[in-house]
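Working notes, beginning with the structure itself.
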Amino acid sequence: MMRSVCVVCLCAVLGLMDTATAQQQQPFVPVTDEMLLNPDPADWLMIHRTYDFSGYSPLDQINRDNVGQLKLAWMRAMDSGPQEIRPLVYDGVMYIAHPGGDHIQALDATTGDLIWDYKRQLPEDIREYSGAGNRTRNLAIYGNKIYHLTWDAFIVALHAETGQVLWETILGSQITGYPVTYAVEGRQYLAVPVGGGTLANLSTYTPELEAPSGSNMIVTFVLPE
């Protein structure tokens, strides 16, 4: 049962390495198809880390023999609300989505220090037409962008280094399922299940999209060639 709770982000490690400052001074390396297919053991680039949904990390510094020695590295409060997110981590930066609204942050993964903060201004009456969108199930990362699905049915691309909004596109209906990203012949796609309500007026909001029969659909995006 979902409960609105005040949640905190906990991170435990055997010891802290003071590498975050040096990492932030290095040029940002865009995430590629190869990185997603064969992620660095230090990174967590999608909800289950790899496309096989194993949720397995090959890191072995923490093991059954020393897990009892773990100590708190940092703790940071998050917004209250239904929590379903799994953070992304890339090159020492953790990307999190807060519950209860469209609030995204990038944090130093070794200290919890804030790098950038994005919070979307939502319509005041959003609960009247979209009651199930106040939770983010996952973020996506590709290139230099963090992709986020908003409560008011937009997909937003944020700059991974700064949090700046690079572009946004309306989907026409609230997000009701888990987004997935995949590649075919070296080209990546992002598929977003939407629906849960009428799509009769979809063309009013998104002229380039034609709603299929029924109240749900999958909207799939691809980056320009």
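At a glance:
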item: Subset of the range 117-145 [at pLDDT 70 or above, buried (at least 18 other Cβ atoms within 10 Å of the Cβ) and not small (Gly, Ala, Ser)]; result: Tyr118, Asn138, Leu139, Ile141, Tyr142, Lys145
item: Hits in the range 146-204 (condition: modelled with pLDDT of 90 or more and assigned to a loop (DSSP other than H, G, I, E, B)); result: Ala160, Glu161, Thr162, Gly163, Gln164
item: Per-region count, the range 56-80, residues assigned to a loop (DSSP other than H, G, I, E, B) and surrounded by 14 or more Cβ atoms within 10 Å (Cβ to Cβ); result: 2
item: Test: residue in the range 47-55 that is at pLDDT 80 or above, of a type in the set (A, V, I, L, M, F, W, C) and either outside any loop (DSSP other than H, G, I, E, B) or touching a Gly at 6+ places or on another chain (Cβ under 9 Å) (or both); result: yes
item: Some residue of the range 81-103 being part of a helix (DSSP H, G or I), surrounded by fewer than 19 Cβ atoms within 10 Å (Cβ to Cβ) and more than 15 Å from the chain's Cα centre (by Cα); result: no
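The values are calculated or read from the model by the stated rules, or taken from the named source; none is laboratory data. All of these numbers come straight from a predicted model, not from anything done at the bench. Cβ atoms come from the backbone with ideal geometry, glycine included; neighbour counts cover every protein chain shown.
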